[in-house]
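The next block holds one structure in the form of structure tokens; read it before the comments.
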Amino acid sequence: MERILRHQGYGLIAGVDEAGCGPLAGPVVAAAVLGDRPLRIPGLQDSKRLSADRREALAVRIREEALAWAVGVATVEEIDALNIRAAARLAQARAVAALPEPPHLVLVDGPWRIPLELPQKPVVDGDARVALIAAASILAKVERDRIMVDLDARYPGYGFARHKGYPTPEHLQALARLGPCPAHRRSFRPLRG
């Protein structure tokens, strides 16, 4: 796909994806990866299909080989105020806006455009089909995991470093025992009050 788009005149292309739509806690994090040529990094694929160690190793290569990259975050408060889909799109827009130069085209994982006045192409299953989107998926997941480890230190007892905020039995038991903390998304079931 990237090769065809470059032949159509799009020199700088950014792939963008997010991590953290399903958890009960923590922000949603997006990354944008900018390239002026296809990324040739073996093993690039959807971050959910990779081990944490493999994601970390690939993230180092992506940061070294991409023309540029950036991260955008939507907070728990924004998630609760907007809804998760709108917050994810906001985080994606922030990631693209944080790039050092605007891309000629943004390839967005999923079926929706993001709130930016730039040429965009939504790509369903983009993290499995487009290297720049897969790279963004990996950077977003690595950054979000780091944030959840930090939240684990701030709010001990929930196990954020292990389950990353997903609704695992451990997390649900901690919620029943401790109640929610400021890192929890109050608009998500079972946290709605």
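Any read-out appearing in this document is the output of simple, stated calculations on the displayed coordinates, not a laboratory observation. Only a predicted model underlies this, so the values are computations on that prediction, with no experimental measurement involved. Cβ atoms come from the backbone with ideal geometry, glycine included; neighbour counts cover every protein chain shown.
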Would you list, by chain and number, the lysines whose Cα falls below 28 Å from the Cα of K121, excluding same-chain residues fewer than 8 positions away?
-> K48, K141
Under 12 Å from the Cβ of A128, count the other residues' Cβ atoms, weight Lys and Arg +1, Asp and Glu -1, and hand me the total.
-> -2
Which value, in debye to the nearest 20, describes the size of the charge dipole of the chain about its Cα centre when Lys and Arg Cβ atoms bear +1, Asp and Glu Cβ atoms bear -1, and nothing else is charged?
-> 400 debye
Mind checking the dipole of the range 15-94: about its Cα centre, +1 per Lys or Arg Cβ, -1 per Asp or Glu Cβ, Debye to the nearest 20?
-> 280 debye
Work out, in µm²/s and without decimals, the Stokes-Einstein translational diffusion coefficient of the chain at 25 °C, 0.890 mPa s, Rh from Kirkwood over C-alpha pairs.
-> 146 µm²/s
Taking the Cα centre of the chain as the origin and placing charges on Cβ (Lys, Arg +1; Asp, Glu -1), which of A91, P23, Q173 is farthest toward the positive end of the dipole?
-> Q173
Hydrophobic long helices for the chain, i.e. whole DSSP H runs reaching 18 angstrom or more by Cα along the axis with Kyte-Doolittle mean at least 0.5, come out as 84-97, 131-154
